[in-house]
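*Asks:* Handing you a structure now.
The values are calculated or read from the model by the stated rules, or taken from the named source; none is laboratory data. Predicted, not measured: the structure shown is a model, and the values here were computed from it. Here the Cβ positions follow ideal geometry from the backbone for every residue, glycine too, while neighbour counts run over all protein chains shown.
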Amino acid sequence: MANVTNVKSKFFGAVDGLDADGISTTASISGAAALTINGTLASGGSYTSGDNIGQPITITSAGDDEGITFTVVGTDAVGDAQTEVVTGADTTVATSSGYFNTVASITTSASTAAAVTAGVTATGTGTVFAGRTRVRGMQGLSGASAGNLLFKNTSVTGTTLLTVPTQAAAELIEPYIPDNGILFDAGAYVSFGSAVATVTVFYDG
C-alpha cells in the first residue's frame, strides 16, 4: 500500500454523561468568588474529562444570574490553556461554547442570585489532526446507547464527512474504510456521546 505513509494513532476516552452538578454541587456564592470543585466528576479540586476529549461546561442557576459572569479556566481537548467567560442565566442553564478537557476553576464576577451548580453536557469532541489528513481506520467499543461517531472537517462544528453508527451494547467499532482513507482537507475532528465508550483513530500525520 504505497499510498499509506506516516500513519499515526490517537486514543479518545469516554465522554462523561449529562451531569448538572458533576463539577460543582449546589451553593450560593457571595461576592466575586470561586465555586468549589467538589462534584462526583471532580477529583482533588479539579475536573478532567476522557483522554483527548473536551466537553461543554454548564452553569445552572436557581435565580436570575443574567447580570453576572462565570469565568471557566482549564484546558482544551489538546491540552492547551483555555479560559472562557460565560454569561449567567435566569433560572436555567448557561453553557460554554468551548470544549474543556480539564477545569481548574470557575469564578463569579459577583454574588449569585441563588444557588448554582456546574457540570457538563453529554457531548464530547476531540482533534484527530489539525491539518490536512486522511482517516485510515479506527477501532473501539460502542457505549451504553445507540448513536453515531462523527468525523468532521475543519472544526468540531464543521461538515461531517464520515458517520459511524454504533449499537446499544459493548460491540466492536471497526468499520471498513477504503485503502485511500477519507480525506479531511482542513483537519479531522471527532464528536460523540455515550454511544461510544472509547475509540482509537488511525490517520496520516
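*Asks:* Does S145 meet the test of being at pLDDT below 95 and assigned to a loop (DSSP other than H, G, I, E, B)? If you could, list the steps in order and put the result at the bottom.
*Replies:* Numbers: at pLDDT below 95: yes; assigned to a loop (DSSP other than H, G, I, E, B): yes.
Taking the combined requirement at face value, the residue satisfies it.
*Asks:* In addition: Just one of Y176, Y203, Y189 is in contact (Cβ under 8 Å) with a residue 60 or more places away in the chain, over 30 Å from T87 (Cα atoms) and not acidic (D, E); which is it? Before the answer, list the steps.
*Replies:* On the way: Y176 fails: in contact (Cβ under 8 Å) with a residue 60 or more places away in the chain; Y189 fails: over 30 Å from T87 (Cα atoms).
From the options Y176, Y203, Y189, the qualifying one is Y203.
*Asks:* Something else: Limited to region 108-142, what total is found for residues that are surrounded by fewer than 17 Cβ atoms within 10 Å (Cβ to Cβ), hydrophobic (A, V, I, L, M, F, W, C) and in a loop (DSSP other than H, G, I, E, B)?
*Replies:* Here the count works out to 4.
*Asks:* Kindly list the number of the only condition in (1) at pLDDT below 95; (2) surrounded by fewer than 18 Cβ atoms within 10 Å (Cβ to Cβ) that fails for G158.
*Replies:* Checking G158 against (1) at pLDDT below 95; (2) surrounded by fewer than 18 Cβ atoms within 10 Å (Cβ to Cβ), the one that fails is (1).
*Asks:* Go through the residues of region 12-27 one by one and say whether even a single one is crowded, with 19+ Cβ neighbours inside 10 Å, charged (D, E, K, R) and assigned to a loop (DSSP other than H, G, I, E, B).
*Replies:* yes
*Asks:* Going residue by residue through region 31-50, is there one that turns out to be crowded, with 22+ Cβ neighbours inside 10 Å, among the β-branched types (V, I, T) and assigned by TED's automatic domain parsing to the domain that holds S111?
*Replies:* No, every residue in region 31-50 fails to be crowded, with 22+ Cβ neighbours inside 10 Å, among the β-branched types (V, I, T) and assigned by TED's automatic domain parsing to the domain that holds S111.
*Asks:* What number of residues within region 5-34 are hydrophobic (A, V, I, L, M, F, W, C) and either within 14 Å of the chain's Cα centre (by Cα) or under 22 Å from A77 (Cβ atoms) (or both)?
*Replies:* 8
*Asks:* In region 37-55, which residues are part of a loop (DSSP other than H, G, I, E, B) and either acidic (D, E) or out of contact with any Gly (no Cβ under 9 Å at 6 or more places or on another chain) (or both)?
*Replies:* Matches in region 37-55: G44, G45, D51.
*Asks:* Quick one: count up the residues across region 73-95 that are without any contact (Cβ under 8 Å) to a residue 40 or more places away in the chain and in a strand (DSSP E or B). Walk me through it before giving the result.
*Replies:* Taking region 73-95 first, the residues without any contact (Cβ under 8 Å) to a residue 40 or more places away in the chain are 73-76, 79-92, 94-95.
Now drop any that are not in a strand (DSSP E or B), which leaves 73-75, 81-87, 90, 94-95.
Result for region 73-95: 13.
For (1) farther than 16 Å from A42 by Cα; (2) surrounded by 15 or more Cβ atoms within 10 Å (Cβ to Cβ), each residue gets a yes or a no:
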site: F70; (1), (2): yes, yes
site: T75; (1), (2): no, yes
site: Q82; (1), (2): yes, yes
site: T87; (1), (2): yes, no
site: D90; (1), (2): yes, no
site: F100; (1), (2): no, yes
site: I106; (1), (2): no, yes
